[in-house]
Every structure is written in C-alpha cells, then in structure tokens.
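The values are calculated or read from the model by the stated rules, or taken from the named source; none is laboratory data. If you're wondering where the values come from, they're calculated on a predicted model, not measured in any experiment. Neighbour counts are summed over all protein chains in view; Cβ atoms, including those assigned to glycine, are modelled from backbone coordinates with ideal geometry. Accessible surface areas use protein heavy atoms only, side chains included; no ligands, DNA or RNA. Shrake-Rupley method; radii C 1.70, N 1.55, O 1.52, S 1.80 Å.
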Amino acid sequence: MKQKYNIGELEFKTIKDCENYTRNIINILGCCVINKDHIQYNFFNNLIKNHPEYYENNFNFIDYFYININPLSKKFMVNVKRLDKSSSDFSWTYCCKFKKRNANYYLTREMRKVINPDIVNFKKNQNKLICNFCGNDNELYENFHIDHHKPSFKYLKENFLKITDKQIPTKFNDVKIYDKNIDSFNYDDEEFKNEWVEYHNKNCNLQVLCKSCNLKKPKD
C-alpha cells in the first residue's frame, strides 16, 4: 500500500503533489498577511507542524503568517509572526518533505510527555501565578507557563541518560506526533519511564513565567 501524505485533512498521493499544491497557493496569494481569519490560515498552520523544529522554534505560538519577497532569490518566502512579536521565515518546502524524525526526537518528546502531569500539578498548586521574570500577575491562567529554571530540561534529560542503567528506548508506540497527552513508551520501557519521572521530580527547579517572557527566554 502506497504511503499517503496529509496536511490537516488534505491528502496527497506524493510529496511532489504536496509541494506543487503549496507552491501554487503561495504564488496565487502573493505578498500578503495570513491571519486567523484568512481562508488559508489553517493550511499553513497544519503545514508548519511538519517542521522538524516546530517546538524549538516556538512555531506553536503563531499570531499570523505573511508572505514577502526574498531579497536574494527574488522568490516568495513564507514567514511567521509569533505572539511575542518576533518574526522568522521557515522552509515550507522542507515541511512538504515529511521527513521521518530520528529516535532522539521521539525520546525527547516522550520524556516531556510523562512529566507533564507533574508540571500541571505544580501550576495548579500555586497560590497565585506571578511571572518570575517580570512580576506580571495579570494574565489569564492559560497564559502562564511552567518553565525549567537551572537546571534546564535539556540538562536533566542528558544527565539522566548518562546515569541510568536502564536500556534507553529507541522504539515507541504509534501515536500522533503532536499529541502531547498520550504516553507512547512501550511496556518494556516502563522502568525507564518511572525512573526518569522520579529523577526529574527530585532534581527539577520549576518556575512560573508569563507567555511573553517564556517565549523571549533564551533556548537551552
């Protein structure tokens, strides 16, 4: 059975079909702003989820997309404006490649997932949500984020992988890439998962940040 490629609910038989469809949309739109009311917003929002650094580049905090002319190639380029007002371009062609993620990508994703209940509980147990950077306490509940503050999540993850004597997982149950709530560790990796959760909770230092400060915070 031939593989099919999906961007949201749109299904393409080949990668080339996806590239041609996307290129055609961009060429028809030309230079413009694609906000949440735009007819093509959902397409670009689904497309960018294929980017290999979707979360690392904060592409999940997009205000709107916009198309302009690349001054070097003189071709159309697609950019994002994030909620923190920062901007960047992204390779829409790479998003059409449907590249498979490597094992480390999935391992990091799952290690984040299984500590999420403790992150949620930390937030719920705060008497008052106040940003640790700017002191802002006047935000909606969902606009406050829980952040790893010295040591970073990356440090905790890498150090744990050095000291654990459990087999490091390389295969995971098949779940949607961007589903943050479903644990896809295999049954054989249960001890690894439990040991990681315990290590994380003993060594993490969590802090409350407002959305704006969390987006501006330097990467690990």
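Before we move on, is TYR66 among the hydroxyl-bearing types (Ser, Thr, Tyr) and closer than 18 Å to GLY8 by Cβ? Steps first, please.
Numbers: among the hydroxyl-bearing types (Ser, Thr, Tyr): yes; closer than 18 Å to GLY8 by Cβ: no.
For TYR66, the condition - among the hydroxyl-bearing types (Ser, Thr, Tyr) and closer than 18 Å to GLY8 by Cβ - is not met.
Which members of the stretch 8-35 meet the condition of being in a loop (DSSP other than H, G, I, E, B) and at pLDDT below 95? Scanning the stretch 8-35 gives GLY8, GLU9, LYS13, THR14. The set of residues in the stretch 158-174 being surrounded by 16 or more Cβ atoms within 10 Å (Cβ to Cβ) and modelled with pLDDT under 95 consists of PRO169, PHE172. Within the stretch 29-52, at least one residue is in contact with a Ser or Thr (Cβ under 7 Å, 6 or more places away or on another chain) and buried (at least 16 other Cβ atoms within 10 Å of the Cβ).
Looking only at the stretch 139-152, which residues are of a type in the set (A, V, I, L, M, F, W, C) and surrounded by 17 or more Cβ atoms within 10 Å (Cβ to Cβ)?
PHE144, ILE146
For the stretch 127-139, the condition of being in a helix (DSSP H, G or I) and in contact with a helix residue (DSSP H, G or I) (Cβ under 9 Å, 6 or more places away or on another chain) holds for none of the residues.
Residue-wise test of (1) closer than 18 Å to CYS213 by Cβ; (2) of a type in the set (Ser, Thr, Tyr); (3) open to solvent by less than 80 Å² (accessible area, probe 1.4 Å).
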{"residue": "LYS85", "(1), (2), (3)": "yes, no, no"}
{"residue": "SER88", "(1), (2), (3)": "no, yes, yes"}
{"residue": "TRP92", "(1), (2), (3)": "no, no, yes"}
{"residue": "CYS96", "(1), (2), (3)": "no, no, yes"}
{"residue": "LEU107", "(1), (2), (3)": "no, no, yes"}
{"residue": "ASP137", "(1), (2), (3)": "yes, no, yes"}
